[in-house]
Every structure is written in C-alpha cells, then in structure tokens.
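Nothing in this text is a laboratory measurement; each read-out follows from the coordinates by a stated rule. Since the structure is predicted, the reported quantities are computational estimates derived from the model, not experimental observations. Cβ atoms come from the backbone with ideal geometry, glycine included; neighbour counts cover every protein chain shown.
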Amino acid sequence: MESAKAKTHPQHTPSNALSATSALTADQQTLARETVPLRHHGRTVAAVFLLLVVANLVHSMVTNQNFQWPTVWHYLFFPDIMAGLGRTLILTVVSMTMAIVLGILLAACRLSGNKVLQAVAGAYLWFFRGTPLLIQLIFLYNLSALYPRLGIGVPFGGPELIGGSTNSVLSLWTVALVGLALHESAYMAEIVRGGLLSVPKHQTEAAAALGMNNLMAFRRIILPQALRVIVPPTGNQVIGMLKYSSLVSVIALPDLLYSAQMIYTQTFETIPLLIVVSFWYLLCTSILTVFQQRIERYYGRGVAGHQSTTPARGRILGLGVPRKRVRTTLSSTTAEEG
Amino acid sequence: MATIAHTEHLRDQSDPIVKIVELRKSFGDLEVLKSVNLDVYPGQVVVILGRSGSGKSTMLRCINHLEKPSGGAVLVNGEVVGYRLKGEKLHELRPNEIARQRAATGMVFQSFNLFPHLTVLENLLEAPCRVLRRSPNEVRDEAMKLLTSVGLAEKANVYPSTLSGGQQQRVAIARALVMKPSVMLFDEPTSALDPELVGEVLEVMKELARSGMTMIVVTHEIGFARGVADEVVFMAEGRVAEQGPPSQVIDNPQAEATKTFLRSLNERRDTPVQ
C-alpha cells in the first residue's frame, strides 16, 4: 500500500531541494488534491456478518413451524387481548398521571425550607424505592387484614365522618392504580427534583429582579427550563410503567399479559400468545418513543447545539400544522442531528 | 467641572432616588458590608469601584433586595425596600410586595441571565406583560424600539444562545429598560465579556446615561467611570472609602486604598500583552 501511494503521489518527496519555487508549486499541487477518506474495513466486515445473522434469524422465525404464526394471527385482535390492552393503557396513563402530580408535590417538599416536610418526603422515598413494587401491590391488596375499615374522621380514634370497609373502598382497580402510582411517584419525585435543581440560580434572580413573584418565576421561567431535563427520564418511566403494570396480574387484574396468560393456561399455546403480547407492548412503546422525541425537541428549544433555534410554539403534537409539514419535521430529525 | 455643577444642581432640586442608610450585611461570620451610606439623585450616574470582595456587588444587590440586609436600610423612591415601617419597627414584606418593589429597579447581571427558552423579543415581553399586565401588542412596539436602540432589532426572533456575549448583554439591558425602571443597577456588566465585545456594551450604557437614566454601575472600567460618571464611589472593606466626581477620586485620590487600587490597575494596563 505504502509504495503504491508513493508512486501515485511523487510530489510528496521534493526531488530537488535547490529549485525552491518549483518545489513550492509542487507542494501546492499536492495539497490541492482530492482527499480519500479512510476505509473502515473492520466495520464493513462486522456489518456484513451481522446482516447475515439477522437474515438467518428472520428466515428461521418465518419458516419454523413451532412459532405457530397462524395462531399468533388468530389471537392478535382477539377480544380478550384487546380488552387487556385497553386495561394496560388505562393503568399506565392514570397511574402515571397520579405519580407525576404526587412526584411534583414530593419534590416541592424535598426542596422546601421546612425540615418536617423534607423528612416526611425523604421517608416516603426511602420506603417506596426501597421495597419491590410486587410487595407493595400485595400489601395494598391485603390492607383489610391490617385496617378493616378506612375513613376520614377525627384523628386518634375520634368519630368517623365518611368511610367504609377497606375492601369496599379499595377496589381491584383502586389497588392497582394507587399501588403503581405510589411506587412511581417516588421515582418521579427524584426526577422532578433533579430537573428543578438543574436550572441555574441566576435564572431565579433574573426573574426576581424583573419584579416577578415566586409563582410567576416558577411557572414561566424555572419550570419550562427544568422540563428539558425532566422530560427524557419521564418518557423512560412511562415506557417502563407500560411494562411494570403487568405486575398487577398478581392481584388478578386482567391486563394485557394476564389476559394472555388466562388463555394459554387453558390452550397451552404459550409461545404464540406471548408473541402477541410482545407485539402490542412493542407497538405501544414505539409510539411513546416518537412522542417522547417530539416533546424533547419542544422543550430543548433555545439550547445551543440543539436543532431548533427558531421559535416553535405549540407544536408538541404537530397540531395545527399541515400534515406535510409534520412529516418533514419527523424525517428531518436524523439529518439535522448530524 | 461641568459634571460636578450638573450633579449639584440635581441635588439641590430633588430627593434621592436611592438612599442607603447604615447598610450592613453579613454572610455567616463574614461581614461584607460594615456600614454604607450613599445617596443617588435622579439622573445621576454613580460608578462603584473597589477590589473584589469589597462589598460592591452585595451593596448593589441589597438595593433590589436580592440580598436581605443584616442592618440599616435601603430606600428607593422614598420607600423602604423589603420592609414596612409600622410603629417603631420595620416589618418584613410579603414576597409579592417585594416583587412589586423590584419592578421599579432594573438590573443587569455579569452573566447576562437571559431566559434561554424564550426568544429575544419574548425575553423583553415577559415581565411587562406578566408583572405589569400590559397588553403584548402595546409592549411589542416599545420592545422593538428598545431593541433597535441597542442595535439588535433584527435578532428579535432568535434564541439568546445564538448571540454573542456582547449582544446578549445588550438584550439584557433592553429587557431591564422595557419595565421603565426609575433606576438601573449594573453588576459588572462587562466582566464576563471578551475584550473586543466590551466596547459595544459600554456604548449602549453611555447612550443610556446621556438619555438621563439614573444608573448605579459596579465596574472595573476606569475609562467609563472617568467619561460618564457624575460620581465615583470607592469601596474598601465594606465601607465607602472615598466619594466624589471622577476628576477627584480617579485623578487625585486621597484615601490610601484608592491610591493602591488605581496603581494596581495601571500596572496591569502597562503590562505588555503576551
């Protein structure tokens, strides 16, 4: 290789040191030439190898009779599966919403100047992050064993104002939603706290110097900047919640996974049904990922190095923007990142 | 001499816009301000000089209550900042009342502190529309005029991160001015800038001084102090060491601290650039 290059570019070695001017022009000629990018042969080999492996895998999956593709197709839009998918989505959306609200309150407590609020929030986080979600769900499900009645009334054994037996207050759905939300709120609290702390103190001062009160400064200046940090991990948590919500099968709430389990325990078509379930989980997480990217882009506006340096108000969901426009924004993500 | 006459004329006519009385401030054991007294009259440009750690910035931040004084008081437009006189005692104001008081003072920070998630124009509109509840259309015209006056009208719709430091600081000045403050506070406005960008910011400040704005400027720019200030205040160890027109404080300093400080500045300037 080396010798071949030397032959094609003889100007590299000045043949005559005395003729300075001709050597200079020769150098200039050399430097003005086209550059040849370095070839990464190792990468090419690895890519070809991986392509072969993937092709083989796909081929085997399609041709292997044990996957029972006709059965998969049969159950893909099966009413019980659809109902389970609906329950999983409701569980995810409702418990996540509750967790975000609770998480913001907990973060506010942790950041407040009051020691009692800090300690209570700290203890809450310690418990709900320190024990498995599975145990928390079963605990909540069996709460009637500890407290047969739940209600609101005068504390320390005073008369009850409203209430009922624990099992009537805590329905299956309530246990599932509250259980998931309590656990998740502990994680959300830390995410929110981290986001709020990421905004420089100078921003609060600048807002204050302009005469903004605390609420105004928080809502208009601090929170929008904190969201840039809060949104990406929250997206991960939503995607995580979609899958962790399958733990409610321990309290026999027929979510997506449990609905499939109920079918295959009778028909023994375990693999095809798990493929069906995986398909729906993957579809949902893919859609969520697209939304996550868009929201991240919205809240990243104005940050150096970020693609959007032009104003983009109210375009989180591409609402009010012609469809063609939306498509270009979507497809241009990769191009603009380079 | 003209500037002195100008200042004294103002003094005779009106009450001070900013009056600082026996101001003290400690951070833990560290006593930053020991006892500061200062009057600033309408239309005056007061430049505060002093070594870092002499309490210049702390004093400035007490004027709009970003720092809570440990003792003494600051009055802006005759109103005690952060407190209400009730009987014999000063009662601390609620945060919302302090926020209302702050709207009367504009502040420009060393690190610009523009809001990165808002465009330049939105940075200017935010406070007048939210704090003073003025209509955005009305404010937009004034904001655009101010941006034109600092030479950045064409940058109205970009985000601050795309601007140079000098441009950001000029936007920050416009953002403070759009609130129509009765006094402008500058906390080392050019200290974070590359040397070649200092001039454009000082030029805007000079123009502002010419327009009659009352200004209190903490800076190390002696040239600005000499050319623009009506009054130069030299601070040392939490006190006002010397005070007077620039011709007196800068060119003929009396206090030992002032002499040493100015000598060290001159030495730095005379050091050849590597």
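Tabulated data
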read-out	value
Extension gain from A:ALA46 to A:SER278, taking 0.36 nm per residue of separation minus the Cα-Cα distance	80.6 nm
Region B:113-222 - charge dipole about Cα centre, Lys and Arg +1 at Cβ, Asp and Glu -1, debye rounded to 20	500
For region A:14-138, diffusion coefficient by Stokes-Einstein and Kirkwood Rh (Cα), 37 °C, 0.692 mPa s, µm²/s	140
B:GLU242 long-range amide H proximity, modeled H, under 5 Å	B:PHE234
In Hz, Karplus ³J(HN,Hα) per residue of region A:202-209 (6.51, -1.76, 1.60; θ = phi - 60°; x = Gly, Pro)	4, 5, 4, 5, 4, 5, 5, 4
Percent of C-alpha pairs per 5 Å bin, region B:191-274, short to long	3, 13, 22, 23, 19, 15, 6, 1, 0
Chain B, relative contact order [Cα under 8 Å, separation at least 6], %	24
Cα shape, the protein assembly as shown, gyration tensor, a/c 1.5 rule	oblate
Antiparallel DSSP beta bridges within the protein assembly as shown, as percent of all bridges there, nearest 5	60
Peptides ranked, highest mean first, by Cβ atoms within 10 Å: ranges A:273-283, A:184-194	A:184-194, A:273-283
Residue order, fewest to most surrounding Cβ atoms within 10 angstrom, among B:TYR159, A:TYR264	A:TYR264, B:TYR159
Fewest-first sequence of A:LEU256, A:LEU215, B:LEU121, A:LEU105 by Cβ atoms within 10 Å of each Cβ	A:LEU215, A:LEU105, B:LEU121, A:LEU256
Order of A:VAL45, B:VAL80, B:VAL204 - criterion: other Cβ atoms within 10 Å of each residue's Cβ, fewest first	A:VAL45, B:VAL80, B:VAL204
Linear extension gain, B:LEU132 paired with B:HIS91, 0.36 nm per residue minus alpha-carbon span	12.2 nm
